[in-house]
2 protein chains.
Amino acid sequence: MRNIYLETKEIEEGLEIFWGNIERFFKEEGYETIPSKDALGRISSHAIYARYSTPSYHSSSVDGIMVKSEMTKEARENKPLFLANEDFLYTNTGDALIKPYDAVIMIEDVRNEDGGVSILKPVNPWENIRIQGEDVIEKDLIFESYHKFSSVDLSVLIAAGISEVEVLKKPSIGIIPSGNEIIDEKETLVKGKIIESNSAMLMAMAYEEGMDSKLYPIVSDDKDSILKALKKAQSECDFVCLIAGTSAGSKDFTSEIVRELGEVFVHGLSIKPGKPAILGKIEETPFVGLPGYPVSTNIVFEKVVIPTIRKKLRQAEEEKDLIRAKLTKNVISSLKNREYIRVKLGIVDDKTVVTPLDRKAGSLFSLSESDGYLIVDRNIEGYQRGDMVDVSLHRPLKKNFFENRLVSIGSHDLALDVINDIFAQKGKITRISSSHVGSIGGLKALRDGDCVLAPSHLLDRAGTYNNDAISMFFNKGEVSKIDVVGRMQGIYVPKGNPQNIKNISDLVGKTMVNRQRGAGTRLLFDYLLKKEDISEDVIKGYDNEVTTHLSAALAVKNGDCDFSIGVKSAAIKMDIDFIYLKDEEYQFIIKKQNLQLKAVKELVEILKSDQFKRRMKDLGGYNVKTSGNIIGD
Amino acid sequence: MRNIYLETKEIEEGLEIFWGNIERFFKEEGYETIPSKDALGRISSHAIYARYSTPSYHSSSVDGIMVKSEMTKEARENKPLFLANEDFLYTNTGDALIKPYDAVIMIEDVRNEDGGVSILKPVNPWENIRIQGEDVIEKDLIFESYHKFSSVDLSVLIAAGISEVEVLKKPSIGIIPSGNEIIDEKETLVKGKIIESNSAMLMAMAYEEGMDSKLYPIVSDDKDSILKALKKAQSECDFVCLIAGTSAGSKDFTSEIVRELGEVFVHGLSIKPGKPAILGKIEETPFVGLPGYPVSTNIVFEKVVIPTIRKKLRQAEEEKDLIRAKLTKNVISSLKNREYIRVKLGIVDDKTVVTPLDRKAGSLFSLSESDGYLIVDRNIEGYQRGDMVDVSLHRPLKKNFFENRLVSIGSHDLALDVINDIFAQKGKITRISSSHVGSIGGLKALRDGDCVLAPSHLLDRAGTYNNDAISMFFNKGEVSKIDVVGRMQGIYVPKGNPQNIKNISDLVGKTMVNRQRGAGTRLLFDYLLKKEDISEDVIKGYDNEVTTHLSAALAVKNGDCDFSIGVKSAAIKMDIDFIYLKDEEYQFIIKKQNLQLKAVKELVEILKSDQFKRRMKDLGGYNVKTSGNIIGD
């Protein structure tokens, strides 16, 4: 049996329906009394009034002597006034004021004399006194209802005599992963199984929002198991989430079960990723069915579960900051959904640019490395390259964000990872933020002002590298080249080379996985085929593309093809065999004026460092003699 | 014996000296291996490479049928292609691809037929397949060294087969409160004693920075106790802080003891608050002596301790955001120090304005309610009212920060607290942000564009309220009045009225605490004195000022004076006696165009609500019949 989606709802509409049906959840408040020192991030249940004033008594605010101010009226620089020992009292900062004294003279303004002291100027009443209640007065309202306590607030509470504070209980959220293919991370991963990894993210998100979360064991895709798990979680938690089993597939029983146990208010949100969400209740406990794909589950948790909890805790929804930036790629989106496209930001030639990342619901890594979402609303077809668009930031940008991010578009090499790791080890924020579109794509992006670095390795007719391509895209003298590494290109074959491939001509009739159009590695392969007069038609899978050396090597390792092509280091990493074809230069192409950027200077320093050179050599197949050299600066 | 400060250092210079002397602390790294699911906010000790690809096998990305794509080439809308049952396999989302199938057709595009299905269009190889390693490829560098894990990162780790991760150990920080006057919060507060409240704030700050902290018992101001406590903490922690005892007072032994146990690198920072800081080491363990005043201790912890820990954890210093705003008060600061002045922000007539708060080092509450610091650097004398200045924000402003903050300058009433508490209870972010300078000061601020609301209660010659003053400051029709409450003004006397005061004439020769110049209550008092022909000279303490009703009532309660003046509610709160003098109107004066602001509309709604009226009545001495009425809109 297949379910049919109810009409999908926009998030706002979905939340309104959901919230309108779980009013009991919002009204029922749990309180607990905790030590104030443990109240960081907790929320006051009611207005809090100071029990004591702070300070709780008049005290000296300096080290000095307590005096009656009236007695000091005559003191002058040129006519010091003598105070006998019985006319004053020595005091330290914080000591209580003793009647009838009403002022303190700083010790620096007091001269010792026989039998007393002399002073050079008068003091006013209450001078150098911390007045009782100067900071907080007893009975003052110090915190409103539903106030979230900061670190400073804890001291304010304790100083005001509030050593224990009543706070809202943390709502508890039960999280149930489901699916026959899902295994616990402790089990052995076999083909057809997927490690359950969503719950760790959701529990951390819940923690960051001040919720308690409870993880339940993975349930299989059968009605009875799901029903039991939901009932148990409902009896133990304030809110229940089930991961996966929420779409309209034949094994997706969730909506049916929730209907049995309570009610389904919304099935299907018009968002992407995240469409197959269920908003309902089990008995009177709110329930959200989260889609199984990690990005979908993240979005539905963020856009549905967290706002619901914030509403319960009377914490206003935190709207995300927007930043306007120039789009570097066309984006086409369905009119039916609001799409959340993961993006990375950067600055190129003083313009803020935004690059869309992988849009697949399964690509969690792209969420991890993204800065925010480009939101393409329903009824909007998408945006054009060059359009100015608003990016909704995951978190506020750090102050020096842009100057520390080097936008790189072009060819891929493991050197990029090594460089970033060295930046990190040096405690720098500077990072290369790279998209892998191949050398040609990178040079186009550089020309169009979409990146600062274009990593490239394109063979020239003269046997040198990148010069022909540069002269195609740029004016003479417009760009420089920075040597990154020399590397060995060759053929990837399975360990032991079972088909005994020795050179290009042995590839005829074999199946390959190729690199994407515009990749330097593919162009080199085409050049070598042509040299041997071999047509691409006799290579099976020629159109089957991957975008990095590691992907190509993995395809060979896993038997998806007989061979692939790429650099030696990836073959070493994947433990497959490598048949050497050619040495080549992998260089950053950069506009000349950008050589002056602080981050680029730091980059060149790293390329020249022993640390970089040693690490690249350790990877194998690299030549680092000229790393960091700038050609044409 | 008194210590003498070494030459004070700027923070930057102080840190440079400090850091240059604790290199062992930075170099010695502790690691520990923890479950990845617990790694939120923890920091990787080295680069992390994926163990598995995600997904770890080719799988169907939809519900449908697996087919050999070659077989589907002929399918057309007008010429459906029949596939026999043996030519395909039903599949669910996530199922592993089975050879020789190489594509999946979505179930929606499949029609059931006898003995098989028919399809209307061909599929390409790999269509609707999630390729192995689509998100992450095994051996990929997924996180760099010293990467701080986010919630999403935890799932990335687990999905990539990293169920345990090596992270930096949390540095442990030992915190020792000191001072003879300091008592634990569990002890009974008596005069001359201060509740130890700094440690809660510091431990929370340490927690937020990913440190473990250990609190030691309060030590008294004697050399031996301090020495023992420092030695113990040094042997148990990576970093030691002593609170108080760091200045140059006669009981401040700290620098001497630290010199005995290790070294003092810096004594005295040229900052205010925070000057009496000590930067040193005990044996090889970094030591910071924090000044005892709460704001000072907070600033030194934030500006010295936290950057040192961040440096150790290779986390870049987070620079605070700056926001430019118009200063509403003159600020004079010493040339000798960099001063950190707590400020509040707001928006008035479309201009961002900044108001300095209490500058005393003991006023922690003003830090709690402040938005940031106005930093007045050394060698700068201060700023003038109207100057545009940069404010260093404690934390990024929420998106709708300004439209939800109603800047109020003027007279004080408990109604302001009640209004804010009702805003909070309604889950709104809207708040009145108020400074108390008296009615006249508020009207001037309103005229000068420094506030949106000016709470005022100034008696007119005609016996009405605020009209005379308004016509002095504004053009006809420029402002409106919003009724807040009617209230009872009178004389505060101690419980039982020991001096048997019955009216104004009984006050001659008595001692008072007065309200500040420009306060409506003081003007009323002056008016009543004049009416009775009593000179202010015969009232003792006439010039002794406080700025709120509660402060005035407290001074009476504590016997600082024979009487004071103010509204009835504060007398009730403080449980003192009240001698009725006059009814008056407490109103918000507001520029007409600002009645249209969303926040003002919400405010008026609250003033008219039963909830507000009931709560004001409960406080006593209030008349709420016309609350929320707008006069002259």
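Residues A:63, A:38: which one is touching a helix residue (DSSP H, G or I) at 6+ places or on another chain (Cβ under 7 Å) and farther than 14 Å from residue A:143 by Cα?
A:63
Return the only residue of B:44, B:53 being closer than 20 Å to residue A:361 by Cβ, of a type outside the set (Asp, Glu) and in contact (Cβ under 8 Å) with a residue 12 or more places away in the chain. Break it down stepwise before answering.
On the way: B:44 fails: closer than 20 Å to residue A:361 by Cβ.
None of the others qualify; the one that does is B:53.
From the list A:81, A:40, A:15, which residue is at the interface with another protein chain (Cβ under 9 Å from one of its Cβ atoms), aliphatic (A, V, I, L, M) and in contact with a Ser or Thr (Cβ under 9 Å, 6 or more places away or on another chain)?
After ruling out the rest, the residue left standing is A:40.
Any chance you could count how many residues in the range A:195-214 are outside any strand (DSSP E or B) and more than 11 Å from chain B (Cβ to nearest Cβ)?
Going through the range A:195-214 one residue at a time, the tally reaches 2.
It is to be established whether one or more residues within the range B:529-548 are closer than 22 Å to residue B:440 by Cβ, of a type in the set (Phe, Trp, Tyr), in a helix (DSSP H, G or I) and in contact with a helix residue (DSSP H, G or I) (Cβ under 6 Å, 6 or more places away or on another chain).
There is no residue in the range B:529-548 that is closer than 22 Å to residue B:440 by Cβ, of a type in the set (Phe, Trp, Tyr), in a helix (DSSP H, G or I) and in contact with a helix residue (DSSP H, G or I) (Cβ under 6 Å, 6 or more places away or on another chain).
Considering A:33, A:72, which residue is polar (S, T, N, Q), away from every other protein chain (no Cβ under 11 Å) and within 30 Å of residue A:163 (Cα to Cα)? Can you show your working first?
On the way: A:72 fails: within 30 Å of residue A:163 (Cα to Cα).
Sole residue among the options that is polar (S, T, N, Q), away from every other protein chain (no Cβ under 11 Å) and within 30 Å of residue A:163 (Cα to Cα): A:33.
Here are the criteria: (1) farther than 20 Å from residue A:430 by Cα; (2) not in a helix (DSSP H, G or I). Tell me which single one residue A:614 does not satisfy.
(2)
Filter the range B:115-139 for residues that are in contact with an Asp or Glu (Cβ under 6 Å, 6 or more places away or on another chain) and within 14 Å of chain A (Cβ to nearest Cβ) and give the result.
Matches in the range B:115-139: B:125 only.
If we scan the range A:227-243, do we find a residue that is under 23 Å from the mean Cα position of the chain (by Cα), within 14 Å of chain B (Cβ to nearest Cβ) and in a loop (DSSP other than H, G, I, E, B)?
Looking through the range A:227-243, none of the residues is under 23 Å from the mean Cα position of the chain (by Cα), within 14 Å of chain B (Cβ to nearest Cβ) and in a loop (DSSP other than H, G, I, E, B).
Can you tell me which residues in the range B:388-425 are touching a residue at least 60 places away in the same chain (Cβ under 8 Å) and assigned to a loop (DSSP other than H, G, I, E, B)?
B:394, B:396, B:397, B:411, B:412, B:413, B:414
Could you list all residues from the range A:62-82 that are without any contact (Cβ under 8 Å) to a residue 24 or more places away in the chain and assigned to a strand (DSSP E or B)?
Answer for the range A:62-82, where residues must be without any contact (Cβ under 8 Å) to a residue 24 or more places away in the chain and assigned to a strand (DSSP E or B): just A:79.
Criterion first (at the interface with another protein chain (Cβ under 9 Å from one of its Cβ atoms), of a type in the set (A, V, I, L, M), at negative phi and surrounded by 19 or more Cβ atoms within 10 Å (Cβ to Cβ)) does residue B:325 satisfy it?
Considered against the rule, which asks whether it is at the interface with another protein chain (Cβ under 9 Å from one of its Cβ atoms), of a type in the set (A, V, I, L, M), at negative phi and surrounded by 19 or more Cβ atoms within 10 Å (Cβ to Cβ), residue B:325 comes out as no.
Just to verify a result, which residue in the range A:338-360, among those that are surrounded by fewer than 23 Cβ atoms within 10 Å (Cβ to Cβ) and either hydroxyl-bearing (Ser, Thr, Tyr) or not in a strand (DSSP E or B) (or both), is farthest from the other protein chains (Cβ to nearest Cβ)?
Of everything passing the filter in the range A:338-360, A:349 is farthest from the other protein chains (Cβ to nearest Cβ).
With respect to residue A:312, is the statement that it is among the charged types (D, E, K, R), surrounded by 15 or more Cβ atoms within 10 Å (Cβ to Cβ) and within 20 Å of residue A:15 (Cβ to Cβ) true?
Against the criterion (among the charged types (D, E, K, R), surrounded by 15 or more Cβ atoms within 10 Å (Cβ to Cβ) and within 20 Å of residue A:15 (Cβ to Cβ)), residue A:312 qualifies.
Consider the range B:299-317. How many of its residues are under 18 Å from residue B:240 (Cβ atoms) and of a type in the set (S, T, N, Q)?
1
Which of the residues spanning the range A:502-521 are in a helix (DSSP H, G or I) and over 45 Å from the mean Cα position of the chain (by Cα)?
A:505, A:506
Residue B:44 passes all but one of (1) in contact with a strand residue (DSSP E or B) (Cβ under 7 Å, 6 or more places away or on another chain); (2) over 30 Å from residue B:207 (Cβ atoms); which number fails?
(2)
Within the range A:302-322, count every residue that is within 14 Å of chain B (Cβ to nearest Cβ), touching a strand residue (DSSP E or B) at 6+ places or on another chain (Cβ under 6 Å) and part of a helix (DSSP H, G or I).
Total meeting the criteria: 1.
Which residue is nearest to the chain's Cα centre (by Cα), if the candidates are limited to the range A:215-226 and must be more than 14 Å from chain B (Cβ to nearest Cβ) and not in a loop (DSSP other than H, G, I, E, B)? I'd like the intermediate steps shown before the answer.
First, the residues of the range A:215-226 that are more than 14 Å from chain B (Cβ to nearest Cβ): A:216-217, A:219, A:223-226.
Checking the rest, the ones that are also not in a loop (DSSP other than H, G, I, E, B) come to A:219, A:223-226.
Details: A:219: 30, A:223: 37, A:224: 38, A:225: 35, A:226: 33 Å.
Among those residues, the one meeting the criterion is A:219.
If a residue must be within 12 Å of chain B (Cβ to nearest Cβ) and in contact with a helix residue (DSSP H, G or I) (Cβ under 7 Å, 6 or more places away or on another chain), how many such residues does the range A:407-422 contain?
The number of residues fulfilling the criteria is 6.
Among the candidates B:442, B:463, B:410, B:362, which residue alone is over 23 Å from residue B:523 (Cβ atoms) and of a type in the set (Gly, Ala, Ser)?
B:362
So in the range B:518-554, with the set limited to residues that are acidic (Asp, Glu) and within 14 Å of chain A (Cβ to nearest Cβ), which one is surrounded by the most Cβ atoms within 10 Å (Cβ to Cβ)?
Checking each candidate, the answer is B:545.
For the range A:555-574: of the residues being part of a loop (DSSP other than H, G, I, E, B) and more than 10 Å from every other protein chain (Cβ to nearest Cβ), which is nearest to residue A:506 (Cα to Cα)?
Step by step, filter the range A:555-574, then rank; the result is A:562.
Among the listed residues A:161, A:192, which satisfies the condition of being in a loop (DSSP other than H, G, I, E, B), more than 29 Å from the chain's Cα centre (by Cα) and under 25 Å from residue B:158 (Cα atoms)? Let's see the steps before the verdict.
Details: A:161 fails: under 25 Å from residue B:158 (Cα atoms).
Among A:161, A:192, only A:192 is in a loop (DSSP other than H, G, I, E, B), more than 29 Å from the chain's Cα centre (by Cα) and under 25 Å from residue B:158 (Cα atoms).
Could you tell me how many of the residues in the range A:364-386 are in a strand (DSSP E or B) and within 14 Å of chain B (Cβ to nearest Cβ)?
Total satisfying the criteria: 2.
For the range A:266-284, indicate whether the set of residues that are in a loop (DSSP other than H, G, I, E, B), within 14 Å of another protein chain (Cβ to nearest Cβ), surrounded by fewer than 24 Cβ atoms within 10 Å (Cβ to Cβ) and not basic (Lys, Arg) is non-empty.
Checking the range A:266-284: not a single residue is in a loop (DSSP other than H, G, I, E, B), within 14 Å of another protein chain (Cβ to nearest Cβ), surrounded by fewer than 24 Cβ atoms within 10 Å (Cβ to Cβ) and not basic (Lys, Arg).
Are any of the residues in the range A:594-603 within 20 Å of residue A:425 (Cβ to Cβ), without any contact (Cβ under 8 Å) to a residue 40 or more places away in the chain and either polar (S, T, N, Q) or in a helix (DSSP H, G or I) (or both)?
We begin by selecting, within the range A:594-603, every residue within 20 Å of residue A:425 (Cβ to Cβ); these are A:598-603.
Next, from what is left, pick out any that are without any contact (Cβ under 8 Å) to a residue 40 or more places away in the chain: A:601.
Retained after the next criterion (residues that are either polar (S, T, N, Q) or in a helix (DSSP H, G or I) (or both)): A:601.
Taking every residue of the range A:594-603 in turn, at least one turns out to be within 20 Å of residue A:425 (Cβ to Cβ), without any contact (Cβ under 8 Å) to a residue 40 or more places away in the chain and either polar (S, T, N, Q) or in a helix (DSSP H, G or I) (or both).
Are any residues in the range B:148-194 at the interface with chain A (Cβ under 7 Å from one of its Cβ atoms) and buried (at least 24 other Cβ atoms within 10 Å of the Cβ), and if so, which ones?
Within the range B:148-194, B:153, B:154, B:155, B:156, B:158, B:159 qualify.
FYI, it's all coordinate maths here, none of it is from the lab. Note that the structure is a prediction, hence the values are computed from the model and not measured. All Cβ positions, glycine included, derive from the backbone under ideal geometry; neighbour counts span all protein chains shown.
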